[in-house]
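The values are calculated or read from the model by the stated rules, or taken from the named source; none is laboratory data. Computed from a prediction, not measured in an experiment: that's the story for all the values here. Neighbour counts are summed over all protein chains in view; Cβ atoms, including those assigned to glycine, are modelled from backbone coordinates with ideal geometry.
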Amino acid sequence: MKNIQLSRIQWISLVALRMIIGWHFLYEGVAKLLKGNWSAYGFLMESKWIFADLFRWMAGQPALLEVVNAANIWGLILIGLGLMLGAFTRLAAAGGILLIALYYLCNPPFVGLFYSIPAEGNYIFINKNIVELAALVVLLLIPTQQMAGVDRILAKLLKKSPRNPAS
Amino acid sequence: MSEEKPKATCGKKIDRRDFLQGLAGVPVLGAFALAALKQESYRRSRKAQAVASGAAQGGAADLNVALLGVGAQGDVLLNSMLKIPGLRFRAVCDIWSEYNLRRAANLLKKYGHEVNSYEDYRDMLDKETGLDAVIIATPDFWHAEHTVACLQAGLHVYCEKEMSNTLEGARRMVQAARATGKLLQIGHQRRSNPRYIFTHDVLLRELNLLGRMVTAGGQWNRSAAPDLGWPKKYEIPAGRLRQYGFNSMHQFTNWRWYKNLGGGPIVDLGSHQIDVFSWFLGVNPKSVMASGGTDYYDPATHEWYDTVLAIYEYETPRGTVRAHYKTQTTNGSLGYYEQFMGDQGTLVLSESSQIGAVYREKTRAGSWDEWVRKGYLGEPKIIETRADDTARDSLDVRETISPDEHKIALSFFDPYHKPHLENFFNAVRGHATLNCPAQTGYESAVAVLKVNEAVEAKRTLYFTPEEFHV
Ligand SMILES: NC(=O)c1ccc[n+]([C@@H]2O[C@H](COP(=O)([O-])OP(=O)(O)OC[C@H]3O[C@@H](n4cnc5c(N)ncnc54)[C@H](O)[C@@H]3O)[C@@H](O)[C@H]2O)c1
């Protein structure tokens, strides 16, 4: 198992996966930004499970809510850019994992929890958030950015000798 | 080249390949930018279309409109008006110049209306020439002064309900409308709602679907909620608050709960539905008794009752109708609706568009099939007792056959207040008569404000027919 090498097409598919997720994050952020008055209020108020009180409390603090809204919008945009361009990729992937984990914990699809915001599919424990989160974990661990991404250039500029990723 | 490691980053100089692969994301970002731009310009053109077909169009026939009071409801009305063609906004007045006033002026600017902003309505009336109409959505205790001054300045007025927090104020408003010959519409918007008009005109009057009406009911349930707050950095200085009749920011945002400023939930919410009682029954009430109190909230900041149950009696040409009304602000389940019951059918109707149906009393009513065929009613949904309902062995003999449910076959998807505003502007143009003119708003205020008196008096209070006239 040790020396498995990935073929070119395998690398390309992983890079594509990264860019696709980046696209999704970026547009989620951009759309909220353009909308002008987007707020996480409704989403937070819908929270279920053990963190519900915490999320609702956040929704109830106007000043804090503003911070949450801005952090979410700009977080999505920066993570999206990072993944798409392969810049600060590990940081972006980790940030993405954190954000999605928060979405998941806010409204988890557990047995016996019902939401009034209808979902477009049917989920139990695993929803598309978790799928995206898992994909980001893969991208955190496999340095696609050294195959294709700004990090490849940055690494050289900073003259850091990188770890050999594929071995 | 099929087997490859991404090992190009080994401290060497950046070569062509590093460069190309390093920037592989850039074309994707370009594609993204194109897609996002396309989507955004589509969204903008949709919005521009809405604006062009609506408010911002210039033209000689435009009505010049001012807004007085742009808080929560002023904002709702403004958003509805932006969808009505032929209006040109000229001025906005609100004492909260740091916040609400600015927000409204900015919104109008976005839609191409350059407006002048004022803190004091007298200033606005002095300086603005050429206004046709004003939309008043200030707290209830300001309505009389604002309305009378605007009418006297020659403007047509749309004033939010409750017409006034005092009957004396409401009377002055009717008199001013009469004296100036200007129009005064009161904001009981159900009076212009197509579903309500259809139900009243066709189902009740023309088809007499309910038969002999005997009881009516209504409720507005709202969840418990914290007092309204405000952004601390936009606080109004104490001096200005006092000047306009408020003794604190808390009182300013929560005026509804204070005696002398508002009327509490029964006046705030009940007024809409008690108005529908009179409208649908065709008469003003004969008496009212009521029970109420501040049972849940802190009475120091909730002077008016958080919970009220009222019972009215109406003497209609076909006999007595008794109506009960409930408003509570501690539980929102089952929402808000009105209900009328006659010996042939039941009507349940709400401004909320999911609720609207009539139920046929099978034992008394004739067939409604013709009305279904004509499209007045939806097809009957038979409300059955489920056969597999193991919890009960047999149907209790005292139960009667359950009625058929027919949805009211008229949907309405516009903002709730839009038709009422349209009715007002059409009347200003001379193309319509008001659906809720001053006198009607006054009668409604007489019926509603008496509930608070009845709570205090702890006995039945009677209305005299003269009470309803100015
Ligand atoms: N028809 C409906 O469905 C409906 C719904 C909600 C409210 N309303 C009515 O609308 C009116 C306003 O209610 P709201 O919820 O918007 O209250 P609000 O407190 O949110 O807004 C009131 C606004 O009036 C301003 N104001 C107060 N005194 C003023 C003065 N003297 N001059 C100028 N501006 C002044 C305040 O700064 C504030 O912006 C009330 O009469 C209420 O009953 C009607």
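Let me spell it out: the conditions are (1) more than 13 Å from the ligand (Cβ to nearest atom); (2) closer than 28 Å to B:Glu453 by Cα, and B:Phe141 meets all of them except one. Which number is the exception?
Exception for B:Phe141: condition (1).
Criterion first (more than 12 Å from chain B (Cβ to nearest Cβ) and in a helix (DSSP H, G or I)) does A:Phe55 satisfy it? Working first, answer last.
Details: more than 12 Å from chain B (Cβ to nearest Cβ): yes; in a helix (DSSP H, G or I): yes.
It is true that A:Phe55 is more than 12 Å from chain B (Cβ to nearest Cβ) and in a helix (DSSP H, G or I).
Checking B:Trp220 against (1) aromatic (Phe, Trp, Tyr); (2) touching a Ser or Thr at 6+ places or on another chain (Cβ under 7 Å); (3) within 14 Å of chain A (Cβ to nearest Cβ), which test does it fail?
Unmet condition: (3).
What's the number of the only condition in (1) part of a loop (DSSP other than H, G, I, E, B); (2) at pLDDT below 95 that B:Lys233 fails to meet?
(1)
Within region B:335-360, which residues are assigned to a strand (DSSP E or B) and free of Cβ contacts under 8 Å to residues at least 12 places away in the same chain?
B:Val348 - this is the single residue of region B:335-360 that is assigned to a strand (DSSP E or B) and free of Cβ contacts under 8 Å to residues at least 12 places away in the same chain.
Name the single residue that is surrounded by the most Cβ atoms within 10 Å (Cβ to Cβ) among those in region B:144-156 being of a type outside the set (A, V, I, L, M) and within 14 Å of the ligand (Cβ to nearest atom).
So in region B:144-156, the residues of a type outside the set (A, V, I, L, M) come out as B:145-147, B:150, B:152, B:154, B:156.
Next cut, within 14 Å of the ligand (Cβ to nearest atom) only: B:145-147, B:150.
Numbers: B:Glu145: 15, B:His146: 21, B:Thr147: 31, B:Cys150: 27.
The qualifying residue surrounded by the most Cβ atoms within 10 Å (Cβ to Cβ) is B:Thr147.
Does B:Cys159 satisfy the condition of being of a type outside the set (D, E, K, R) and within 11 Å of the ligand (Cβ to nearest atom)?
Details: of a type outside the set (D, E, K, R): yes; within 11 Å of the ligand (Cβ to nearest atom): yes.
So B:Cys159 fits the description; yes.
Does region A:32-52 hold any residues that are part of a helix (DSSP H, G or I) and surrounded by 12 or more Cβ atoms within 10 Å (Cβ to Cβ), and which are they?
Narrowing region A:32-52 to residues part of a helix (DSSP H, G or I): A:32-35, A:41-45, A:52.
Of everything in region A:32-52, those that are part of a helix (DSSP H, G or I) and surrounded by 12 or more Cβ atoms within 10 Å (Cβ to Cβ) turn out to be A:Lys32, A:Leu33, A:Leu34, A:Tyr41, A:Phe43, A:Leu44, A:Met45, A:Ala52.
Only one of these conditions is not met by B:Ala170: (1) more than 26 Å from B:Asp414 (Cβ to Cβ); (2) more than 12 Å from the ligand (Cβ to nearest atom); (3) in a helix (DSSP H, G or I); (4) over 21 Å from the mean Cα position of the chain (by Cα). Which number is it?
Exception for B:Ala170: condition (4).
Given the criterion away from the ligand (no atom under 14 Å from the Cβ), crowded, with 18+ Cβ neighbours inside 10 Å and small (Gly, Ala, Ser), identify the matching residue among B:Ala238, B:Ala300, B:Ala310. Working first, answer last.
Details: B:Ala238 fails: crowded, with 18+ Cβ neighbours inside 10 Å; B:Ala300 fails: crowded, with 18+ Cβ neighbours inside 10 Å.
On inspection, the qualifying residue turns out to be B:Ala310.
Just name the residue that is nearest to the chain's Cα centre (by Cα) out of those in region A:109-152 that are assigned to a helix (DSSP H, G or I) and among the charged types (D, E, K, R). It would help to see each step written out before you state the result.
We begin by selecting, within region A:109-152, every residue assigned to a helix (DSSP H, G or I); these are A:128-141, A:144-147, A:150-152.
Subsequent filtering for residues that are among the charged types (D, E, K, R) retains A:128, A:132, A:151-152.
Working: A:Lys128: 12, A:Glu132: 7, A:Asp151: 18, A:Arg152: 21 Å.
By that ranking, first place goes to A:Glu132.
Every residue in region B:201-218 that is surrounded by fewer than 20 Cβ atoms within 10 Å (Cβ to Cβ) and under 20 Å from the mean Cα position of the chain (by Cα), please.
Looking only at region B:201-218, we keep the residues that are surrounded by fewer than 20 Cβ atoms within 10 Å (Cβ to Cβ), and these are B:201-202, B:205-208, B:211-212, B:214-215, B:217.
Within region B:201-218, B:Gly217 is the sole residue that qualifies.
Between residues in region B:439-464 that are of a type in the set (S, T, N, Q) and residues that are surrounded by fewer than 23 Cβ atoms within 10 Å (Cβ to Cβ) and at pLDDT below 95, which pairs lie under 6 Å by C-beta distance while being six or more apart or on different chains?
Going by the 6 Å Cβ cut-off, there are no qualifying pairs.
Looking at (1) within 14 Å of chain A (Cβ to nearest Cβ); (2) near the ligand (Cβ under 10 Å from one of its atoms), which one does B:Lys109 not meet, given that it meets all the others?
Going through the list (1) within 14 Å of chain A (Cβ to nearest Cβ); (2) near the ligand (Cβ under 10 Å from one of its atoms), B:Lys109 breaks only (2).
To keep it simple, each residue is scored yes or no on (1) within 14 Å of chain B (Cβ to nearest Cβ); (2) modelled with pLDDT of 95 or more; (3) within 20 Å of A:Leu141 (Cβ to Cβ).
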{"site": "A:Ile77", "(1), (2), (3)": "yes, yes, no"}
{"site": "A:Leu81", "(1), (2), (3)": "yes, yes, no"}
{"site": "A:Ala94", "(1), (2), (3)": "no, yes, yes"}
{"site": "A:Leu98", "(1), (2), (3)": "no, yes, yes"}
{"site": "A:Leu102", "(1), (2), (3)": "no, no, no"}
{"site": "A:Asn107", "(1), (2), (3)": "no, no, no"}
{"site": "A:Gly112", "(1), (2), (3)": "no, no, no"}
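Given the conditions (1) over 30 Å from A:Gly149 (Cβ atoms); (2) surrounded by 12 or more Cβ atoms within 10 Å (Cβ to Cβ), and given that A:Asn129 satisfies all but one, which numbered condition is not satisfied?
(1)
Can you name the residue in region B:32-48 that is loosely packed, with under 12 Cβ neighbours inside 10 Å and among the aliphatic types (A, V, I, L, M) and is also farthest from the other protein chains (Cβ to nearest Cβ) among such residues?
Filtering first and then ranking leaves B:Leu34.
With a cut-off of at least 2 residues that are farther than 24 Å from B:Arg240 by Cβ, name the strands (runs of 3 or more DSSP E) lying wholly within region B:56-163.
Values: elements: B:63-68, B:87-93, B:116-118, B:133-136, B:156-159.
Of the strands (runs of 3 or more DSSP E) lying wholly inside region B:56-163, those with at least 2 residues that are farther than 24 Å from B:Arg240 by Cβ span B:63-68, B:87-93, B:156-159.
What are the residues in region B:173-199 that are buried (at least 19 other Cβ atoms within 10 Å of the Cβ), hydrophobic (A, V, I, L, M, F, W, C) and part of a helix (DSSP H, G or I), if any?
Of everything in region B:173-199, those that are buried (at least 19 other Cβ atoms within 10 Å of the Cβ), hydrophobic (A, V, I, L, M, F, W, C) and part of a helix (DSSP H, G or I) turn out to be B:Met173, B:Val174, B:Ala176, B:Ala177.
Go through region A:128-167 residue by residue and tally those that are modelled with pLDDT under 90 and more than 19 Å from B:Gln21 (Cα to Cα).
Total satisfying the criteria: 1.
Looking only at region B:397-447, how many residues end up being on the phi > 0 side of the Ramachandran plot and assigned to a helix (DSSP H, G or I)? Step through it out loud before you land on a result.
Taking region B:397-447 first, the residues on the phi > 0 side of the Ramachandran plot are B:430.
So of that shortlist, the ones also assigned to a helix (DSSP H, G or I) come out as none.
Selection size over region B:397-447: 0.
Can you find, within region B:255-286, the residue that is nearest to B:Leu167 (Cα to Cα) among those that are of a type in the set (S, T, N, Q) and surrounded by fewer than 20 Cβ atoms within 10 Å (Cβ to Cβ)?
Narrowing region B:255-286 to residues of a type in the set (S, T, N, Q): B:260, B:271, B:273, B:278, B:284.
Imposing the further condition that a residue be surrounded by fewer than 20 Cβ atoms within 10 Å (Cβ to Cβ) reduces the set to B:260, B:284.
Details: B:Asn260: 12, B:Asn284: 16 Å.
Only one residue fits best here, namely B:Asn260.
Would you check if B:Trp96 is under 23 Å from B:His188 (Cα atoms) and surrounded by 16 or more Cβ atoms within 10 Å (Cβ to Cβ)? I'd like the intermediate steps shown before the answer.
On the way: under 23 Å from B:His188 (Cα atoms): no; surrounded by 16 or more Cβ atoms within 10 Å (Cβ to Cβ): yes.
It is false that B:Trp96 is under 23 Å from B:His188 (Cα atoms) and surrounded by 16 or more Cβ atoms within 10 Å (Cβ to Cβ).
Determine whether B:Lys127 is more than 14 Å from every other protein chain (Cβ to nearest Cβ), out of contact with any His (no Cβ under 9 Å at 6 or more places or on another chain) and more than 12 Å from the ligand (Cβ to nearest atom). First the steps, then the outcome.
Working: more than 14 Å from every other protein chain (Cβ to nearest Cβ): yes; out of contact with any His (no Cβ under 9 Å at 6 or more places or on another chain): yes; more than 12 Å from the ligand (Cβ to nearest atom): yes.
It is true that B:Lys127 is more than 14 Å from every other protein chain (Cβ to nearest Cβ), out of contact with any His (no Cβ under 9 Å at 6 or more places or on another chain) and more than 12 Å from the ligand (Cβ to nearest atom).
Kindly indicate the residue of region B:52-85 that is away from the ligand (no atom under 16 Å from the Cβ) and surrounded by fewer than 16 Cβ atoms within 10 Å (Cβ to Cβ) and also modelled with the highest pLDDT among those meeting that condition.
It comes out as B:Pro85.
Could you check, for region B:107-127, whether at least one of its residues is surrounded by fewer than 24 Cβ atoms within 10 Å (Cβ to Cβ), over 17 Å from B:Gly69 (Cα atoms), more than 20 Å from the chain's Cα centre (by Cα) and among the aliphatic types (A, V, I, L, M)?
no
If a residue must be under 20 Å from the mean Cα position of the chain (by Cα), more than 10 Å from every other protein chain (Cβ to nearest Cβ) and β-branched (Val, Ile, Thr), how many such residues does region A:1-52 contain?
Result for region A:1-52: 1.
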